[in-house]
Number of protein chains: 2
Amino acid sequence: MSSLIHPVILCGGGGTRLWPVSLKSRPKPFLPLLGDRTLFEEAVQRVAGDDRFAAPMIVAGPDHLDLIETQVGGEGAHRIIVEPAARNTAPAIALAAASLSADDVLLVCPSDHHIADEHAFRKAAMAAADLARDDWLVSFGIAPTHPETGYGYLHRGEAMDGGYRIAKFVEKPDKERAEGYLASGEYSWNGGIFAFRAGHLLSELEKYRPEMAALVLKAVARGQNDGPRFHPAAQPFSAIEGDSIDYAVMENTARAAMVPADMGWSDIGNWAALQDALVARADDDGNVTRGKVDLDHCSGVMVASDGPRVSVVGLENVCVVVANGEVLVTSREGAQRVGKLPGAARQ
Amino acid sequence: MSSLIHPVILCGGGGTRLWPVSLKSRPKPFLPLLGDRTLFEEAVQRVAGDDRFAAPMIVAGPDHLDLIETQVGGEGAHRIIVEPAARNTAPAIALAAASLSADDVLLVCPSDHHIADEHAFRKAAMAAADLARDDWLVSFGIAPTHPETGYGYLHRGEAMDGGYRIAKFVEKPDKERAEGYLASGEYSWNGGIFAFRAGHLLSELEKYRPEMAALVLKAVARGQNDGPRFHPAAQPFSAIEGDSIDYAVMENTARAAMVPADMGWSDIGNWAALQDALVARADDDGNVTRGKVDLDHCSGVMVASDGPRVSVVGLENVCVVVANGEVLVTSREGAQRVGKLPGAARQ
């Protein structure tokens, strides 16, 4: 049994809530939102330069392969599995599992999250991998920092060596419930980071989604290599009824576990979340700026421009984003609705 | 004695508080801020098509003559007095007075104000002209609508036929005083609109600013005509120590009068004032937009763009202006400080 951890970096998902910076042609993972590195580059480098991790396996649709190959860096040891169609996370992860040896441990990492504390991440990854080797299906339980209503929660159960059983998966709660979860100390966010033993994941998928498992195995068996790219066969894969790994497997299995992870995680789900993630770079009044920006009597504002000067006067807790010829001005609360704007929706 | 009223339209003053729409190269009077017409065009047309008014006399610096001649319209009956240097309103008005007959009545009209009710304006102009013919120096007393701290006030004195004596000129008050003035009903705004008999104005200027009066007369005597343009001689005019008509004459004379004017006046002094002037065009939530604008959950916002789409989410009482490659976002209170922004100040 290899003791290496195999990072599986998922690049699916468009994401329009960071419009107008994030576009369909260049979505969130491939943008340097927090500094010089893109979120995808962060995801790659988070597991690089550490001999406990194998080279990454990247699962992505066909649209952004050029961006991926430009940004992946390293010595070309990576592999890219090209999804023939977008079918949500369960088939994407199963493609990776079926491309590895049965005893390899996968560490599933979304490419559109930010993790401030990489040391804490690696520590949690080791704990998760240990549990995965014992055939637990392991989710990272992100330490919640506020009563977020936009995420699913994990209710912690019985303690185990290095983690906990998951007592219950909880759907996105309302505000009151979210506040209760936060106060109780028994709940974590389900951040979409998982560790599995490849063979065990596939057998659990077989149990709960046999048709999906069969089509994934068929797509891999009939797939073709093209340098670092692997193209699973389109026909069987496209026939899959898509589903998330949570619904397809995690909420069904008897062996769901979690490792607690307090690592400065953010999914940068909207402009307000990005502002929070940049708090260390804020000025004394809590303002964060990028580009040519003049502020006067402002506090808690975030302003980013890819060109034109932006002048902001007398405002609090507002995000102003000028990018790709579009101008967005939103309150922090409004930031959640940006993806529904005509400009974002009709790209 | 001619019974015609001679409009004198003043085009001095830059004004940076409507930046980035208003630029030094094309300042406020020459912009169609409220609709199809510019404020200058409004000023011209306010006294046109009415045989009680003579053709306008325009006093302006050399920088915007092309804009003026494009926008003035009419049959070329206007005259333009080109100020050799900017020396504030007293010398500008005196140039016009010295270019008319002694018994002509001047109606001094700034070109950067909006007046919604032109009928009320003309009625006040007739009353002011009647008093001016009796050698009163007459100011329009604008009916105040809020406790503005940015204007001077006129304290109403003894009633006369068609108006009042001015008991006192009051400098820009603080908020508390302004509220007292508004509550008392005895105060009006000093809007910079005046009526004078030309000869009387010059003799009063002689009395209180003899050097200024002498230099103005010398500049006019040595001036040169160039079609509709009249160029007063530069050397004597430039030697004038500039001053406002209020300081130079109105606050000194024993014969200051006012006519009340409730005519939907606004000096469009900043973006919030423009929003107020456009209230009739607001949607049900009090939003005013111009250009390509998408609003979501907004109230009381004003958004204007000369090109790029602007999307605004979840905001109240904010002005967003995109013009000439600049982006401005300001609170209503902040609107007063726009002129001090680096973008506005360093054009």
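The values are calculated or read from the model by the stated rules, or taken from the named source; none is laboratory data. Values in this document were obtained by computation on a predicted structure and should not be read as measured data. Neighbour counts are summed over all protein chains in view; Cβ atoms, including those assigned to glycine, are modelled from backbone coordinates with ideal geometry.
Side notes on the structure shown:
- Of the residues making up the range B:136-156, those that are touching a strand residue (DSSP E or B) at 6+ places or on another chain (Cβ under 6 Å) and either at pLDDT 95 or above or not hydroxyl-bearing (Ser, Thr, Tyr) (or both) number 13.
Yes/no matrix, rows are residues, columns are (1) closer than 28 Å to residue B:265 by Cβ; (2) touching a residue at least 24 places away in the same chain (Cβ under 8 Å); (3) under 22 Å from the mean Cα position of the chain (by Cα); (4) not assigned by TED's automatic domain parsing to the domain that holds residue B:123:
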position	(1), (2), (3), (4)
B:189	yes, yes, yes, no
B:203	no, no, no, no
B:206	no, no, no, no
B:213	no, yes, no, no
B:223	no, no, no, no
B:234	no, yes, no, no
B:245	yes, yes, yes, no
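- Within the range A:157-178, the residues that satisfy the criterion of being basic (Lys, Arg) and either touching a strand residue (DSSP E or B) at 6+ places or on another chain (Cβ under 7 Å) or assigned to a strand (DSSP E or B) (or both) are A:165, A:168.
- Evaluation of residue A:70 against (1) surrounded by 15 or more Cβ atoms within 10 Å (Cβ to Cβ); (2) free of Cβ contacts under 8 Å to residues at least 40 places away in the same chain (one fails), failing number: (1)
- Scanning the range A:309-347 for residues that are over 30 Å from residue A:175 (Cα atoms) and of a type in the set (Lys, Arg) turns up A:309, A:346.
- Residues (surrounded by 20 or more Cβ atoms within 10 Å (Cβ to Cβ) and within 11 Å of chain B (Cβ to nearest Cβ)) located in the range A:273-294: A:293
- Exactly one residue out of A:86, A:132, A:128, A:98 is over 18 Å from residue A:193 (Cα atoms) and buried (at least 22 other Cβ atoms within 10 Å of the Cβ), and it is A:98.
- Residue check for residue B:299: more than 30 Å from residue B:159 (Cα to Cα) and facing another protein chain (nearest Cβ under 9 Å): no
- Condition check for residue A:188: surrounded by fewer than 16 Cβ atoms within 10 Å (Cβ to Cβ) and of a type in the set (S, T, N, Q): no
- The condition (being modelled with pLDDT under 95, in contact with a helix residue (DSSP H, G or I) (Cβ under 8 Å, 6 or more places away or on another chain) and of a type outside the set (S, T, N, Q)) is satisfied by just one residue among A:116, A:102: A:116.
- When residue B:270 is tested against (1) under 24 Å from residue B:20 (Cβ atoms); (2) in contact with a strand residue (DSSP E or B) (Cβ under 8 Å, 6 or more places away or on another chain), only condition (2) is not met.
- Which numbered condition residue B:249 fails, given (1) crowded, with 19+ Cβ neighbours inside 10 Å; (2) over 19 Å from the mean Cα position of the chain (by Cα): (2)
- Filtered residues of the range A:311-347 (kept if charged (D, E, K, R) and buried (at least 19 other Cβ atoms within 10 Å of the Cβ)): A:326, A:332
- Restricting the range B:301-310 to residues that are in contact with a Ser or Thr (Cβ under 8 Å, 6 or more places away or on another chain) and under 19 Å from residue A:323 (Cα atoms) leaves a set whose member that is surrounded by the fewest Cβ atoms within 10 Å (Cβ to Cβ) is B:304.
- Members of the range A:311-347 that are facing another protein chain (nearest Cβ under 7 Å), in contact (Cβ under 8 Å) with a residue 40 or more places away in the chain and polar (S, T, N, Q): A:330
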